[in-house]
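Reviewing the structure listed below.
The values are calculated or read from the model by the stated rules, or taken from the named source; none is laboratory data. Values in this document were obtained by computation on a predicted structure and should not be read as measured data. In this analysis, Cβ positions are derived from the backbone assuming ideal geometry, glycine residues included, and neighbour counts consider all displayed protein chains. These accessible areas exclude ligands, DNA and RNA; they are computed on the full protein's heavy atoms, side chains included. Shrake-Rupley method; radii C 1.70, N 1.55, O 1.52, S 1.80 Å.
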Amino acid sequence: MTLAQDNGPERGGDDLLAAEYVLGVLAADERQIASRRIDTETAFARLVDAWEVHFAPMAAAYAAVEPPASVKAAIDRRLFASSAATSAPSAGLLGSLAFWRGLAAAALAALAVFVALPFVNPSLPPPETRLVASLAADNSNVKYLAVYDAARHEVGLSLVSGERGAGKDFELWMIEGKNAPVSMGVIPVGQTARMAVAPAIQQKLAQGAVLAVSLEPTGGSPTGQPTGPVVAAGDLKGI
């Protein structure tokens, strides 16, 4: 079953799906579904646009790098290998410097639209109602994307990689400072999940607590504290 089928048309599911589409963590078939919806559903396209704006500041943490000249040639081979076998090589449109400069200008124009979107469409939920965390740990292949929606009081989780194994469950924890971890429940099996957040935890999450995932016996920790290894963790941050 795809992510779109799991979540259905309700706002929470679409919101998480749009975020995962922008971050590029969807499986190929799920991404195709989302891409078609962008073309046919204005409301969903606006959600994707909003997430583009909200995630854009994250790119500031990475310095610009000039790609090697071989990158474009490799892309050309992958995209146009079949047509190259039946036609003579030609510089064509993709070999034109004007084309690539024009494409860059179009991308900048699109970014300007994304930045202006919240002002022309005030009905979109404000970004401060959501926090995001990338959960990972050294010596573990388990990775989750977590999005906390303060307006809906729920955490959306997308399993990027890793498996829990037979007789085991992943359990989600909130860690506030030096306090003992607080269980948020066993993470449902599947590539995506949504978990309701108890009132006592909501305010602490909104302040940017740490989320962690531990590997526990089926049904969760029998002690109320993590008993297995912490396989993924990360800070919740505003977007």
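The figures follow:
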read-out: Net length gained if the chain between Asn141 and Asp235 were fully extended (0.36 nm per residue, minus Cα distance); value: 32.0 nm
read-out: Percent carbon-and-sulfur accessible area, the range 160-228, ignoring ligands, DNA and RNA, probe 1.4 Å; value: 56
read-out: Given charges at beta-carbon only (K, R positive; D, E negative), |dipole| of the range 152-226 in Debye; value: 140
read-out: Environment charge of Arg36, counting only residues whose C-beta is closer than 12 Å and scoring Lys/Arg +1, Asp/Glu -1; value: -2
read-out: Kirkwood-based shape ratio for the range 124-239, expressed as Rg/Rh from alpha carbons; value: 0.94
read-out: Restricting the range 132-225 to trypsin sites (Lys or Arg not before Pro) in coil, as DSSP defines it, with at most 11 other Cβ within 10 Å; value: Lys178
